[in-house]
1. Report D for the range 338-408 in µm² per second (integer): Stokes-Einstein, Kirkwood Rh on Cα pairs, 10 °C, 1.306 mPa s.
2. Let me see the P(r) profile for the range 1-102: every Cα-Cα distance counted, bins of 10 Å, each bin given as a percent of all pairs.
3. When the Cα atoms of the range 120-235 are enclosed in a convex hull and the volume is divided per residue, what value in Å³ results?
4. Determine the gain in length on full extension of the stretch Thr238-Gln54; use 0.36 nm per residue of separation and subtract their C-alpha separation, reporting nm with one decimal.
5. So for each of 206-218, 329-341 I average, over its residues, the number of other beta carbons within 10 Å; can you give me the resulting order with the highest mean first?
6. Enter the angle in degrees (range 0 to 90, nearest 10) between the Cα long axis of helix 121-134 and the first principal axis of the Cα atoms of the chain, meaning the one along which they spread out most.
7. With a 10 Å cut-off between alpha carbons and a GNM built on the chain, which of Asp48, Asp86, Asp346 moves the most?
8. I want to check the label-to-label distance for Gln391 and Ser83. Put each point 7 Å from Cα in the C-beta direction and report it in nm to one decimal.
Amino acid sequence: VTPDAFVLAAGRVITCDDSLGRGPLGAFDDGAIFVERGRVAAVGPRADVLARAQGAPLVDDRPGGLLSPGLVDAHTHAAWAGSRHDEYAMRLAGEGYEAIAAAGGGIVSTMRAVRGAGPGELARALRARLGRMARQGVTTVEVKSGYGLDEASERAQLEAAADASTDASLPRVVPTYLALHALPPEAKADRARYVDDVVRRWLPAIARAGLARYVDAYVDRNAFRVDEAEALFDAARTLGLGTRAHAGQFADVGAAELAARFSAASADHLENVSDAGLDALARAGTAAVLLPVASWTLAQAPPPVEAMRRAGVRLVVASDANPGTAPTESLPLAMAFAARSYGLLDHEIWRGVTVEAARALGLEGEAGVLREGARADLALWLLPHERALLQPWGAPPLAAAYRDGVRLGADP
Ligand SMILES: [Zn+2]
């Protein structure tokens, strides 16, 4: 064994590998994992793993604990600055999200904070946020831009993501250029020109700089149209970038069908989607990323989960971490809400924050699963069972998180 090799053991292990004949979560009681060179070298019943580990040290043994893949948060806007507590007070006083946006709040208020952020401020805020996410067992985070709304500020957000991704003590970052999020005030008079700038100028430059792996568009009745997102996705495809879409949050304008046409990695939100849209997503292999904190904040009806199951759409659960509609950094909180407000089953939720979330980020077989050869991204919980992450909720006790076999952050 190599000097970096180690073993962890726990009273329960979920691998999230459904090919083991051990249910959808591939669960073992009294299990262990052997990590070598940042990868999973063996996982399974304790005795088998210890035999394989040939004397590698058992660094943590939690007979009453749970070992799982590190959580994968597949939809966040985590590179933000500022705070939207004032507009929350407006909402409590009865204003709706769209009315607040029309009054200069919402995305545009965070745009001002991002544009006004000093040198290094976005990177510092993002690093701090990612560190707090790691303390909730999260080891991979998708991070979107979309609050700069001009080329330099969008790049500043993506550069903050690139900066954070150089730090092995933080969760892995998957950067997404949220190219069409909102029209900035200066573009209101010439919307077509704004979209054209994004598609023909900013996107190719961001792609050339290697700052994004995916391109995202917010397609909705008060956001961008299907034809605008289509032009963006066409350009993204030419540049070799994957696509994802904010789809059906307020109205079904055909965004799910658009995402499916481009075999997008994901269509996210989907509170409003037709059966035909869901069938198209299932056929395309495009994941449905469900964001229960956002619909809870906005007091919306849940997405049609039963129709999604019938259609066979892959389900992912994410935090949507953002300063307005999902003001949380906690993927475990989103998991609890997915259970209570969406009626997702425990194994659907767990797969939706591990193996399915990783797949939706292009990390299939690498992250989100404990399997020989996968990256050793792990969470060791002070919890007796995986269901104990769903209830009680919001602040699960974590013993340690590892990314590529490296322990993240400070001791909790
Ligand atoms: Zn979002």
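1. For these conditions, the coefficient is 121 µm²/s.
2. Over the range 1-102, the share of Cα pairs per 10 Å bin runs 14, 31, 18, 10, 16, 10, 1 percent.
3. Numbers: hull volume 12.7 nm³, N = 116.
So the per-residue Cα hull volume is 109 Å³.
4. On the way: separation 184, 0.36 × 184 = 66.24 nm, distance 4.90 nm.
Full-extension gain reported as 61.3 nm.
5. Ranked from most to least packed, the peptides come out as 329-341, 206-218.
6. 40 degrees
7. Largest GNM mean-square fluctuation: Asp86.
8. Between Gln391 and Ser83, the simple spin-label model gives 3.4 nm.
The values are calculated or read from the model by the stated rules, or taken from the named source; none is laboratory data. Since the model is a prediction, treat every value here as computed from it, not as a measurement. We place every Cβ from the backbone using ideal geometry, glycine too, and count neighbours over all the protein chains shown. Remember, those area values only see protein heavy atoms, side chains included, never the ligands or the DNA or RNA. Shrake-Rupley method; radii C 1.70, N 1.55, O 1.52, S 1.80 Å.
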